[in-house]
Every structure is written in structure tokens, then in C-alpha cells.
1. List every residue pair whose Cβ atoms sit under 7 Å apart, with the two residues 6 or more apart in sequence or on different chains, where the first one lies in segment 1-30 and is on the phi < 0 side of the Ramachandran plot and at pLDDT 95 or above and the second, anywhere, is surrounded by 10 or more Cβ atoms within 10 Å (Cβ to Cβ) and part of a helix (DSSP H, G or I).
2. Which residues, taken from segment 55-71, are under 23 Å from the mean Cα position of the chain (by Cα) and surrounded by 10 or more Cβ atoms within 10 Å (Cβ to Cβ)?
3. Is it the case that residue 46 is surrounded by 10 or more Cβ atoms within 10 Å (Cβ to Cβ) and free of Cβ contacts under 8 Å to residues at least 40 places away in the same chain?
4. I'd like to know if segment 20-36 contains one or more residues that are out of contact with any strand residue (DSSP E or B) (no Cβ under 7 Å at 6 or more places or on another chain), part of a loop (DSSP other than H, G, I, E, B) and surrounded by fewer than 10 Cβ atoms within 10 Å (Cβ to Cβ).
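The values are calculated or read from the model by the stated rules, or taken from the named source; none is laboratory data. Keep in mind the model is a prediction, meaning the values are calculated, not measured. All Cβ positions, even for glycine, are placed from backbone atoms using ideal geometry, and neighbour counts span all protein chains on display.
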């Protein structure tokens, strides 16, 4: 395992605990060792990368120029009439 200096440890303020199967822990330890990282550093980096990818899937989408134009055209169109939605929005909430 890699050695983490005290300054690096002091930067972190939250503790994350989890239970893992022994075979999962062995795999993680092997990969961390091959990367020259501690188990914690390896897992934190992997979790951080997975979180970024998950969020990007919800925020980033790629379109061709033709798809982009169709998308913008759809956004520019006025909304269709929706009587049920209009009634819902005009109804007072029970707590009002």
C-alpha cells in the first residue's frame, strides 16, 4: 500500500464505511497495489469518477446538427393546451 502523508489525511473530514465481500476486497486491493495507491485513495478516485460519469449522463447529450435543430425547434414551439394541468395549477393547496 502507498504511504499517505499527514497533510493529505488532514484535508479529509468525512469517514465512509462499507461492507464488502472478501473477493471484492481482494480485487480492490490488487488493483490499488498495481496503481501504487492505498485502498482508500483508489476507492475514492474510482467512486469520484463513477459519480461524475453518472451525473454527466443526466446533463450531457450529444446531437448531430440536424438533431440539434429539431431539438431547438421543439423547444421554441409554444406548449400545447393542457386543461388538466391548468386546473391543477389553479387549485389551491390544502395548506393555503
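1. The qualifying pairs are 28/39; 28/42; 28/43; 29/39.
2. Let us first name the residues in segment 55-71 that are under 23 Å from the mean Cα position of the chain (by Cα), namely 55-63.
Correct list: 55, 56, 63.
3. So residue 46 fits the description; yes.
4. Taking segment 20-36 and keeping what is out of contact with any strand residue (DSSP E or B) (no Cβ under 7 Å at 6 or more places or on another chain), we get 20-36.
Applying the additional criterion that residues be part of a loop (DSSP other than H, G, I, E, B) yields 20-21, 36.
This time we only want the ones that are surrounded by fewer than 10 Cβ atoms within 10 Å (Cβ to Cβ), so: 21.
Yes - at least one qualifying residue is present in segment 20-36.
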